[in-house]
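Working notes for the structure below.
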Amino acid sequence: MNTIALSLALIYLAETERAAVPYDQKGPMQITSGFVRDVNRISKGKQFDLMDRLDMGKSMEMATIWLNYYKPIAEKSIGRPMNHYDLAMMYNVGLVGFLRGDGQSYLAMINRKLAKLSRRDALIVALKEQA
């Protein structure tokens, strides 16, 4: 799985299980209206509207466009290739926030969720073996 796809999976895991937020974040990827405007500026071709935030496929497409655009800028600034955790943090806090070092609490939340999934999956496998 490529880095962008893996980061999208982490973002989806985090965003779909977070409590409701008081901002204008909507849909499975918790996309804001400002994010939609930024993606429309970046894409220059295909344009999205605010309702597209509620569509899983379009949300993933917008997130992919955004990550692909900002990934090389961030990599140049940090001097190394970004991994899927870096991309998930940048998605959460934006490019400037990521370069400032923000997003550690988001990363911790993702790791907690992944640990729960691992334990749950191990339990499911064990139960199936007992049956």
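Values quoted throughout were computed directly from the atomic coordinates according to the rules given, and no laboratory measurement underlies them. None of these values were measured; they are calculated from a predicted model. In this analysis, Cβ positions are derived from the backbone assuming ideal geometry, glycine residues included, and neighbour counts consider all displayed protein chains.
Just a few scattered comments:
- Normalised contact order of region 37-94, rounded percent, pairs of Cα under 8 Å and 6 or more residues apart: 26 percent
- Value of relative contact order over the chain, rounded to a whole percent, pairs C-alpha under 8 Å and six or more apart: 24 percent
- Dipole magnitude (debye, nearest 20) for the chain, charges at Cβ of Lys, Arg, Asp, Glu: 160 debye
- Peptides 81-91, 3-13 ordered by average Cβ neighbours within 10 Å, highest first: 81-91, 3-13
- At R0 = 41 Å, FRET efficiency that the Cβ-Cβ distance of Lys76 and Gln25 yields, to 0.05: 0.90
- Mean residue ellipticity, 222 nm, helices only, the chain: the sum of -39500 (n - 2.57) across DSSP H runs of n ≥ 4, divided by residue count and rounded to 500, is -24000 deg cm²/dmol.
- Computed P(r) (all Cα pairs; region 88-131; 10 Å bins; percent): 28, 29, 20, 15, 7, 0
- Total formal charge among the other residues, if their Cβ is under 15 angstrom from that of Ile65, Lys/Arg +1 and Asp/Glu -1: +2
- Measure of compaction for region 15-81 (Cα Rg per 2.2 N^0.38 Å): 1.19
- Computed packing ranks the peptides 110-123, 27-40 as 27-40, 110-123, most packed first, by mean other Cβ atoms within 10 Å.
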